[in-house]
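Working notes for the structure below.
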Amino acid sequence: MREILNGKKALLLDMNSTFMFEEDRFGENEDYSAYYHGIDHEIDREKEGTLPASEVNQIISDAYQYLDERYPDETYRLHFPSVETALLETCSQPLNRREIDRLIATFSFHELGIIPPDYTAALHDLADRFTLAAVIDIWSPSVAWRETFRQLEIEELFAAISFSSDHGIVKPSPLPFERVLKQLELSPEEALVIGDSARRDLGGASSAGIGTILVGTQHQDALASFPNLLAFRDSVLESAY
């Protein structure tokens with residue numbers, strides 16, 4: 001492990017299934033209307049959503065399907081559509097601004113996962129050893145994720161964060177990795193990518209000339225593989241002695 005880490009100054013972390021879990025709750029039995037109708041309920045009943053539960057569930061499901069079909073398509077890699085675009089493209093009825101915002105918030109709620117306490121601790125441990133950055137693919141606006149990072153007091157651990165929904169470029173494009181390196185003023189040889197996807201993380205990092213360590217999966221082109229980020233953290237700490 002010491003050889004792999006030698007000369008490395010920064011870790012570029014993936015998020016979903018790397019340090020955030022239970023994300024993307026878009027299964028067939030999800031009731032999206034529960035969150036949709038609960039927004040602002042305690043503040044002002046007049047602000048409750050006007051769409052019935054069946055329509056909300058169909059609208060969110062259709063928007064998710066629209067994005068899910070396009071996510072692996074190279075055609076959309078550099079201009080991936082927003083959740084708002086997906087809603088407008090798939091919904092057969094006109095939506096006013098308030099309803100669009102409410103539906104986006106509902107989609108975000110179901111896309112957002114949780115960061116367990118032991119993973120926040122691991123991020124702090126890694127930040128003591130490396131400059132941390134994150135290269136993250138999400139479909140919803142990044143506001144909910146940034147707020148989660150702030151609440152968990154991990155936002156300040158990252159010197160740079162790339163959310164794909166902020167610029168429309170998704171992995172495995174090398175561009176988000178290259179942009180983060182530029183922000184950090186580092187060369188590809190001075191960084192490592194840590195992620196769970198051979199296609200998106202390893203593929204994008206390789207195109208950017210950055211070595212990759214995979215967590216939760218293996219691939220012959222990865223520099224190393226670990227069961228999870230916690231095991232990688234433990235190996236980093238052990239290599240320091």
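The values are calculated or read from the model by the stated rules, or taken from the named source; none is laboratory data. The shown structure was predicted, so the numbers you read here are calculated from the model rather than taken from an experiment. Note: ideal-geometry Cβ built from the backbone for every residue, glycine included; neighbour counts use all protein chains shown.
Take PHE80 and decide whether it is on the phi < 0 side of the Ramachandran plot, buried (at least 20 other Cβ atoms within 10 Å of the Cβ), out of contact with any Cys (no Cβ under 6 Å at 6 or more places or on another chain) and not assigned by TED's automatic domain parsing to the domain that holds GLU190.
Yes, satisfied.
Among the candidates GLU46, GLU69, which residue alone is modelled with pLDDT of 95 or more, outside any loop (DSSP other than H, G, I, E, B) and outside the structural domain of ALA160 (by TED's automatic domain parsing)?
So the residue among GLU46, GLU69 that is modelled with pLDDT of 95 or more, outside any loop (DSSP other than H, G, I, E, B) and outside the structural domain of ALA160 (by TED's automatic domain parsing) is GLU69.
Before we move on, is LEU132 in the same structural domain as ASN228 (by TED's automatic domain parsing), crowded, with 16+ Cβ neighbours inside 10 Å and part of a helix (DSSP H, G or I)?
It is false that LEU132 is in the same structural domain as ASN228 (by TED's automatic domain parsing), crowded, with 16+ Cβ neighbours inside 10 Å and part of a helix (DSSP H, G or I).
Which condition does ILE59 not pass, out of (1) surrounded by fewer than 19 Cβ atoms within 10 Å (Cβ to Cβ); (2) outside any loop (DSSP other than H, G, I, E, B); (3) among the hydrophobic types (A, V, I, L, M, F, W, C), if it passes all the others?
(1)
What do you reckon, is PHE107 outside any helix (DSSP H, G or I) and either in contact with a helix residue (DSSP H, G or I) (Cβ under 7 Å, 6 or more places away or on another chain) or under 30 Å from VAL236 (Cβ atoms) (or both)?
no
Assess whether ILE39 counts as being touching a helix residue (DSSP H, G or I) at 6+ places or on another chain (Cβ under 9 Å), surrounded by 20 or more Cβ atoms within 10 Å (Cβ to Cβ) and outside the structural domain of SER162 (by TED's automatic domain parsing).
Taking the combined requirement at face value, the residue does not satisfy it.
Here is a list: ASP221, ASP201. Which entry is under 23 Å from ILE161 (Cα atoms) and among the acidic types (Asp, Glu)?
ASP201
What is the number of the single condition among (1) surrounded by 21 or more Cβ atoms within 10 Å (Cβ to Cβ); (2) without any contact (Cβ under 8 Å) to a residue 12 or more places away in the chain that PRO172 does not meet?
(2) is the only condition that PRO172 fails.
For residues in the range 188-241 being closer than 17 Å to ASP125 by Cα and acidic (Asp, Glu), which is modelled with the lowest pLDDT?
My answer is GLU238.
Give me the pairs, please: first residue somewhere in the range 216-234 and of a type in the set (D, E, K, R), second residue anywhere and modelled with pLDDT of 95 or more and outside any strand (DSSP E or B), beta-carbon distance under 7 Å, and either six or more positions apart or on two chains.
Hits for this filter: ASP221/LEU202; ASP221/SER206; ARG233/ALA122; ARG233/ASP125; ARG233/LEU126.
Which one of ASP101, ASP73 is free of Cβ contacts under 8 Å to residues at least 60 places away in the same chain, over 23 Å from GLU22 (Cα atoms) and surrounded by 12 or more Cβ atoms within 10 Å (Cβ to Cβ)?
The unique qualifying residue is ASP101.
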